[in-house]
Amino acid sequence: MAARHGGWLAAVSAALLAGCAGMPTTIKPPVAGKLATHLDSAPAQQTLPAIGLIIDDLGEQRAAGERALALPGAVACAFLPHTPHARRQARHARENGHEVLLHLPLEPESPRASPIPTRLNRDSGRPELRRRLDAALDSVPHAAGVNNHQGSLLTQSAAHMDWLMAALRERGSLYFVDSRTTPRSLAYARARAEGVAAAARDVFLDVDADADAVRRQWQRLLRLARRRGSALAIGHPYPSTLEVLERELPRLAAAGVRLVPPSELIRIRGGAVRDPVRLRLADRLAPLVVAAGR
Ligand SMILES: [Zn+2]
């Protein structure tokens, strides 16, 4: 983040110095969106309830992806690996200030789910799981974090989740968002136990993709954020979801709620890894948090 704003800060410093020398001091930020990020983090804003919003299943469809990328504010974009548009649209998303996630396919319980050759499965051993994760991460540039696609079966396997989280920790500062495709998911708890910054999804916006249903879920998200201080939603690039978000996101400030990237939401919630003592306490509490969130 600091690096992204380095140019702007340098421009301010240079202009102030120029002002001392009698030069004009009118300063324009390089990109309007980047100034908005500064305002979002102003002290007065930091007490507002916060929401995080991830649009996932991106990478397959070009037009729907571009429409998702054009959403205003800190909407995070999660791309399926090895998909036709993931690489280009992930770069585009990053350039436009959207946080990028790898949307990692994990084995679901449903036998009807279509097989994905690159998915992590229950019969994947640790080396195979690591190889598939690395290949997936390499196919989605700029990923700051990972959330799971499907996974109702594999997220119940403590061993696989431990291997996955250990690999994420080894890869660097990647965070994990548990999409919670089953209330029995262990992913969030195992991420915390392995020392990976993590959060769990609170609201799916469009399990029912009817526009009225999406609007109701959006209102539920705002109520949750006001009650708890923060809330995290996942939506998909469906026409109805995008239509509701295009209408509602510009009204967010007037509703007294701020939109933050998932990394910031994790920090606000204390889900970022800080020190081993805090981690051990969080580890003991995590299963209770997951159970209470059903
Ligand atoms: Zn998905």
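Values in this text are rule-based calculations from the coordinates and carry no lab data. Please read these numbers as outputs of a predicted model, since none were measured by experiment. Methodologically, a virtual Cβ is constructed for each residue, glycine included, from the backbone with ideal geometry; neighbour enumeration extends over all protein chains shown.
Residues of the stretch 143-163 that are touching a strand residue (DSSP E or B) at 6+ places or on another chain (Cβ under 7 Å) and within 16 Å of the ligand (Cβ to nearest atom): Ala143, Gly145, Val146, Asn147, Asn148, His149, Gln150, Gly151, Leu154, Thr155.
So that you can scan it fast, the table gives a plain yes or no per residue for (1) surrounded by fewer than 20 Cβ atoms within 10 Å (Cβ to Cβ); (2) in contact with a helix residue (DSSP H, G or I) (Cβ under 8 Å, 6 or more places away or on another chain); (3) under 23 Å from Thr83 (Cβ atoms):
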{"site": "Ile116", "(1), (2), (3)": "yes, no, yes"}
{"site": "Arg119", "(1), (2), (3)": "no, yes, yes"}
{"site": "Leu133", "(1), (2), (3)": "no, yes, yes"}
{"site": "Pro141", "(1), (2), (3)": "yes, yes, yes"}
{"site": "Asn148", "(1), (2), (3)": "no, yes, yes"}
{"site": "Leu154", "(1), (2), (3)": "no, yes, yes"}
{"site": "Leu168", "(1), (2), (3)": "no, yes, yes"}
{"site": "Val177", "(1), (2), (3)": "no, yes, yes"}
{"site": "Thr181", "(1), (2), (3)": "no, yes, yes"}
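The C-beta contact set for the stretch 99-119 (first residue within 11 Å of the ligand (Cβ to nearest atom), second residue among the charged types (D, E, K, R), distance under 6 angstrom, 6+ apart or interchain) comprises His103/Asp56; Pro105/Arg119. Here's a check for you: in the stretch 219-237, which residue that is farther than 17 Å from Val177 by Cβ and surrounded by fewer than 18 Cβ atoms within 10 Å (Cβ to Cβ) is nearest to the chain's Cα centre (by Cα)? Among those that are farther than 17 Å from Val177 by Cβ and surrounded by fewer than 18 Cβ atoms within 10 Å (Cβ to Cβ), it is Gly229. Filtered by the rule that a residue be more than 16 Å from the ligand (Cβ to nearest atom) and not in a loop (DSSP other than H, G, I, E, B), the stretch 69-84 gives a lone residue, Leu69.
Residue-by-condition table, conditions (1) among the aromatic types (Phe, Trp, Tyr); (2) in contact (Cβ under 8 Å) with a residue 40 or more places away in the chain; (3) assigned to a strand (DSSP E or B); (4) farther than 19 Å from Val75 by Cα:
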position: Arg192; (1), (2), (3), (4): no, yes, no, yes
position: Asp206; (1), (2), (3), (4): no, no, no, no
position: Asp212; (1), (2), (3), (4): no, no, no, yes
position: Leu221; (1), (2), (3), (4): no, yes, no, no
position: Pro237; (1), (2), (3), (4): no, yes, no, no
position: Val244; (1), (2), (3), (4): no, no, no, no
